[in-house]
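Here the structure comes first, spelled out in structure tokens, and everything after it is commentary.
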Amino acid sequence: MLNLNQLEKLQMNPFTKLSEQWMLITAKNNNKINTMTAAWGGFGYLWNKNVAFIFIRPQRYTKEFIDASDELSLSFYDEQYRADLSYLGKISGKNENKIEKCNLHPAYYHSVPYFIEANTVLFCKKLYCQQLQPSSFYENSISMKNYPENDYHYMYIVEIYDLLSKK
């Protein structure tokens, strides 16, 4: 059972939480939800708010859901859900109902979708969005290596306004 906790009590290593454990980014568009796995992002304090930075390529179907909604969830899972997160990162929800084919069950906190199997869920409100620009890279090799198709990520800065946790 997830419990409402104070954001100030959240303890995690921001480097391994994303790069090694991954997260799901989930949003709603009308009455449909979609989710995607992400390993790139960050957390911090900006504009006097607790924020997360998430990055989404323009071709990702989930981007349509994030753009259509003011709020979204970022959720984290125990290792037993690794195969589900891998599947959700590889398959597009545009082509099939991928959520039905995994071991995760959607729920809503107010009107924001998340999955009850998560051990931690951050509820977020969009604050800012901008596409990364090739001319802004100081190390050109990063752009060349990560964007050979010029499909530069959109960076979203989202305010973390609530937290559910199993701890």
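The values are calculated or read from the model by the stated rules, or taken from the named source; none is laboratory data. Predicted, not measured: the structure shown is a model, and the values here were computed from it. Cβ: placed from backbone, ideal geometry, glycine included. Neighbour counts: every protein chain shown.
Spot the failing condition for GLU79; the list is (1) modelled with pLDDT of 95 or more; (2) farther than 19 Å from LYS32 by Cα, and only one is missed.
It fails just one condition, (1).
TYR156 fails exactly one of the following numbered conditions: (1) among the aromatic types (Phe, Trp, Tyr); (2) touching a Cys at 6+ places or on another chain (Cβ under 6 Å); (3) over 17 Å from PHE55 (Cβ atoms). What is the number of that condition?
Condition not satisfied by TYR156: (3).
If the requirement is being closer than 18 Å to PHE43 by Cβ, surrounded by 12 or more Cβ atoms within 10 Å (Cβ to Cβ) and free of Cβ contacts under 8 Å to residues at least 40 places away in the same chain, which of these qualifies: TYR128, TYR156, TYR114? Give the steps one after another, and end with the answer.
Values: TYR156 fails: free of Cβ contacts under 8 Å to residues at least 40 places away in the same chain; TYR114 fails: free of Cβ contacts under 8 Å to residues at least 40 places away in the same chain.
Being closer than 18 Å to PHE43 by Cβ, surrounded by 12 or more Cβ atoms within 10 Å (Cβ to Cβ) and free of Cβ contacts under 8 Å to residues at least 40 places away in the same chain holds for just one of TYR128, TYR156, TYR114, which is TYR128.
Among the residues of the stretch 57-82, what is the count of those that are within 18 Å of TRP40 (Cα to Cα) and hydrophobic (A, V, I, L, M, F, W, C)?
4
Evaluate the following for TYR109: is it among the hydroxyl-bearing types (Ser, Thr, Tyr), in contact (Cβ under 8 Å) with a residue 24 or more places away in the chain, farther than 28 Å from TYR147 by Cα and surrounded by fewer than 18 Cβ atoms within 10 Å (Cβ to Cβ)? Walk me through how you get there before you give the answer.
Numbers: among the hydroxyl-bearing types (Ser, Thr, Tyr): yes; in contact (Cβ under 8 Å) with a residue 24 or more places away in the chain: yes; farther than 28 Å from TYR147 by Cα: yes; surrounded by fewer than 18 Cβ atoms within 10 Å (Cβ to Cβ): yes.
Spelling it out, TYR109 is indeed among the hydroxyl-bearing types (Ser, Thr, Tyr), in contact (Cβ under 8 Å) with a residue 24 or more places away in the chain, farther than 28 Å from TYR147 by Cα and surrounded by fewer than 18 Cβ atoms within 10 Å (Cβ to Cβ).
I'm trying to understand the selection: among the residues of the stretch 9-64, which are surrounded by fewer than 19 Cβ atoms within 10 Å (Cβ to Cβ), among the small types (Gly, Ala, Ser) and touching a Leu at 6+ places or on another chain (Cβ under 7 Å)?
Within the stretch 9-64, just ALA39 meets the criteria.
I'm checking my understanding of the structure. Among residues of the stretch 131-167 that are touching a strand residue (DSSP E or B) at 6+ places or on another chain (Cβ under 6 Å) and among the polar types (S, T, N, Q), which one is farthest from ASN31 (Cα to Cα)?
GLN131
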